[in-house]
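Peer 1: Quick one: this structure, given as structure tokens, is what I'll be asking you about.
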Amino acid sequence: MIYFDNAATTPVSEEVLSSFDKVVTKYFANPASNHKLGQISADLEKKAREQIAKLFLVEDNEVIFTSGATESNNLAIKGAAFRYKNRGNHIITTNVEHPSVLNAFALLEEQFGFKVTYLPVSSEGTVNVKQVEDALQDDTFLVSIMSVNNEIGSINDVEAIAKMLKKYPKILFHVDATQSIGKIDISLKNIDLLSMSAHKINGFKGSGILIKKKNIDLVPLLSGGGQEQNIRSGTNNFPYEVCISKALRIALQNREKHYIYVKELNDYLREKLSSIEGVSINSPLNGSPYILNFSINKKASVITEGLSNEDIYVSTKSACSSKHSPYSYVIKALGKSEQEATNSIRISFSYQNTKQEIDIFCQKLQHLLNTIK
Ligand code: PMP
């Protein structure tokens with residue numbers, strides 16, 4: 001098997017799995033229970049939270065456990081919009097965000113009357129500081145911009161945007177960092193809210209974090225027993241919390257080493273693709289090496305099916321949006337044709353991939369391009 005779909009999800013690592021096994025079989029009590037057994041669960045959760053806070057250089061109470069980046073994004077965006085609507089009515093994002101951001105903004109616009117600016121990205125898939133600053137209005141109070149794009153790997157300079165936004169103290173800045181955590185270095189210094197997910201870094205699906213700076217309050221999406229400082233009620237899934245802290249620690253410890261290795265893979269694939277006729281690369285050169293997106297002059301769905309039949313797994317678009325539209329809105333936003341946006345293929349690497357796998361992939365791709373009409 002060749003698995004090149006790591007931006008969609010990654011396998012759970014053995015280290016994470018062994019932590020899970022240990023915690024879930026030995027400890028099951030509710031961390032909110034007052035008895036001794038509950039206290040053990042609460043202690044495990046506390047330790048996980050402390051470790052995560054240390055990794056991100058934030059305080060323990062700035063770590064909110066969620067069910068994944070979709071929830072973190074929704075909580076950050078809707079929670080901030082509802083809590084701070086007295087500050088204004090205008091909110092800003094970009095036109096290539098993940099659907100969990102775009103659809104949250106659409107709901108705020110359509111159902112609640114907020115005014116939304118969707119910043120158009122450049123042909124390289126990014127927005128710049130000036131563009132964001134120029135879009136600010138007197139009543140802007142929330143900006144949400146992704147760090148790394150999940151379809152093409154373009155990287156926004158969110159640190160520079162965050163620094164600029166500090167001049168406007170009533171504006172909150174949210175970053176969807178799902179594709180950058182453990183891969184691209186990112187300082188949270190001037191970022192108010194940041195989303196991430198465990199299953200992109202060899203943790204479990206259904207597990208995520210929202211970093212929420214302590215001076216910020218959010219209207220909760222889930223009301224209930226008041227867990228997570230009353231911002232995210234529901235019995236804490238502390239085995240997952242232990243696991244996400246483990247997955248994060250491993251990913252961050254190896255970040256630089258894995259980056260250098262994956263960049264080599266990316267350069268190698270780019271080079272090989274450049275000699276295949278009918279292939280045009282969509283990912284910018286200065287993007288995340290973990291993602292390489294290209295368009296072909298044949299039907300991408302037929303090619304990916306052919307690859308899948310050979311046990312080679314890639315995506316046509318991001319897994320989250322592939323069911324709804326015939327073409328990728330991200331590739332379209334780069335100024336590419338509908339044809340190119342329909343026939344794009346996303347390769348997403350992990351540190352476990354090899355150059356030999358790239359060789360086999362390119363061989364099969366070439367063969368399919370030659371044989372499919
Ligand atoms: N944002 C981005 C950029 C993503 O790539 C994803 C996962 N495809 C999400 C948010 C949603 O994450 P989750 O699957 O944890 O809900």
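The values are calculated or read from the model by the stated rules, or taken from the named source; none is laboratory data. This is a predicted model, so every value here is computed, not measured. Because the Cβ atoms are built from the backbone with ideal geometry, glycine has one as well, and the counts that use them run over all protein chains shown. Note: areas computed on protein heavy atoms with side chains; ligands, DNA, RNA excluded. Shrake-Rupley method; radii C 1.70, N 1.55, O 1.52, S 1.80 Å.
Peer 1: Around residue 225, which amide H atoms from residues at least 5 apart in sequence, or from another chain, sit under 5 Å from its own amide H, with H modelled in the peptide plane?
Peer 2: Those lying under 5 Å, H to H, from residue 225 are 234.
Peer 1: Taking Rh as the Kirkwood radius computed over C-alpha pairs, what is the Stokes-Einstein D of the range 32-145 at 10 °C in a medium of viscosity 1.306 mPa s, expressed in µm² per second?
Peer 2: 97
Peer 1: When every alpha-carbon pair in the chain is counted, what percent end up more than 26 Å apart?
Peer 2: That tail contains 52 percent of the Cα-Cα pairs.
Peer 1: Among 84, 127, 99, pick out the residue whose Cα is farthest towards the positive end of the charge dipole of the range 71-133, where Lys and Arg carry +1 and Asp and Glu carry -1 on C-beta, about the Cα centre.
Peer 2: The Cα lying farthest towards the positive end belongs to 84.
Peer 1: Here is a further query. How do 142-148, 100-106 rank on mean C-beta neighbours within 10 Å, highest first?
Peer 2: 142-148, 100-106
Peer 1: Another question, then. Taking the Cα centre of the range 176-233 as the origin, how large is its charge dipole in debye, to the nearest 20, when only Lys and Arg (+1) and Asp and Glu (-1) carry charge on their Cβ atoms?
Peer 2: So the magnitude is around 120 debye.
Peer 1: Related question: Counting Lys and Arg as +1 and Asp and Glu as -1, what is the net charge of the other residues whose Cβ lies under 12 Å from the Cβ of residue 264?
Peer 2: Its environment carries a net charge of +2.
Peer 1: Using only alpha carbon pairs under 8 Å that are at least six residues apart, calculate the relative contact order of the range 174-319 and give it in whole percent.
Peer 2: 16
Peer 1: Can you pull the accessible area of residue 84 for me, 1.4 Å probe, Å² to the nearest 10?
Peer 2: The value for residue 84 is about 10 Å².
Peer 1: Over 26 Å between C-alpha atoms is what I'm after, so list which of 170/336; 167/213; 170/205 land there.
Peer 2: Distance filter (> 26 Å) returns 170/336; 170/205.
Peer 1: Could I ask something else about it? Using the Karplus curve 6.51 cos²θ - 1.76 cosθ + 1.60 with θ = phi - 60°, what ³J(HN,Hα) values do you get for each residue of the range 281-286, in whole Hz, with x for Gly and Pro?
Peer 2: Per-residue couplings from phi come out as 7, 9, 6, x, 4, 9 Hz.
Peer 1: Determine the shape class of the range 136-231: with a ≥ b ≥ c the square roots of the Cα gyration tensor eigenvalues, call it rounded for a/c under 1.5, and otherwise prolate if a/b is greater than b/c, oblate otherwise.
Peer 2: oblate
Peer 1: Do any GluC sites (Glu not before Pro) in the range 250-284 lie in a DSSP loop with no more than 16 other beta carbon atoms within 10 Å, and if so, which?
Peer 2: Listed in order of number, the matching sites are 277.
Peer 1: Antiparallel DSSP bridges in the range 55-188: what percent, to the nearest 5?
Peer 2: Among the beta bridges of the range 55-188, antiparallel pairing accounts for roughly 10 percent.
Peer 1: Quick one: the Cα spread of the range 66-114 along its three principal axes, in angstroms, biggest first?
Peer 2: Taking max minus min along each principal axis of the Cα atoms, the range 66-114 gives 28, 23, 16 Å.
Peer 1: How big is the dipole moment of the chain about its Cα centre under a simple scheme where the beta carbon of each Lys and Arg is +1, that of each Asp and Glu is -1, and everything else is neutral? Debye, nearest 20, please.
Peer 2: 520
Peer 1: Sticking with this structure for a sec: Quick one: with all protein chains in place, what share of the accessible area of the chain is carbon or sulfur, to the nearest percent (1.4 Å probe)?
Peer 2: 50
Peer 1: Related question: Once phi is turned into θ = phi - 60°, what whole-Hz ³J(HN,Hα) does the Karplus curve with 6.51, -1.76 and 1.60 give for every residue of the range 108-121, x standing for Gly and Pro?
Peer 2: Once rounded to whole Hz, the list reads 5, 6, 7, 9, 10, x, 6, 8, 10, 9, 9, 5, x, 8.
Peer 1: Now for a different question. In the range 61-89, whose amide N lies under 12 Å from the spot 7 Å out along Cα-to-Cβ of residue 115? List them in ranges.
Peer 2: 88-89
Peer 1: Counting DSSP beta bridges in the chain, what percent are antiparallel, to the nearest 5?
Peer 2: Of the beta bridges lying entirely in the chain, close to 55 percent run antiparallel.
Peer 1: Per-residue ellipticity at 222 nm for the chain, helices alone: DSSP H runs ≥ 4 residues times -39500 (n - 2.57), over residue total, nearest 500 deg cm²/dmol?
Peer 2: Result for the chain: -12500 deg cm²/dmol, rounded to the nearest 500.
Peer 1: Using 7 Å Cα-to-Cβ label points, what is the residue 131/residue 235 separation (nm, one decimal)?
Peer 2: Spacing of the two 7 Å Cα→Cβ label points: 4.7 nm.
Peer 1: For the chain, what is the accessible area per residue in Å² when the probe is 1.4 Å?
Peer 2: Each residue of the chain exposes 44 Å² on average to a 1.4 Å probe.
Peer 1: Once phi is turned into θ = phi - 60°, what whole-Hz ³J(HN,Hα) does the Karplus curve with 6.51, -1.76 and 1.60 give for every residue of the range 166-176, x standing for Gly and Pro?
Peer 2: Each residue of the range 166-176 in turn: 4, 5, 10, x, 7, 9, 8, 10, 10, 10, 8 Hz.
Peer 1: Could you tell me which of 360, 226, 268 has its Cα farthest along the dipole of the chain towards the positive end, charges placed at Cβ (Lys, Arg +1; Asp, Glu -1), taken about the Cα centre?
Peer 2: 226
Peer 1: Send over the per residue convex hull volume for the range 201-273, Cα only, as a whole number of Å³.
Peer 2: 150
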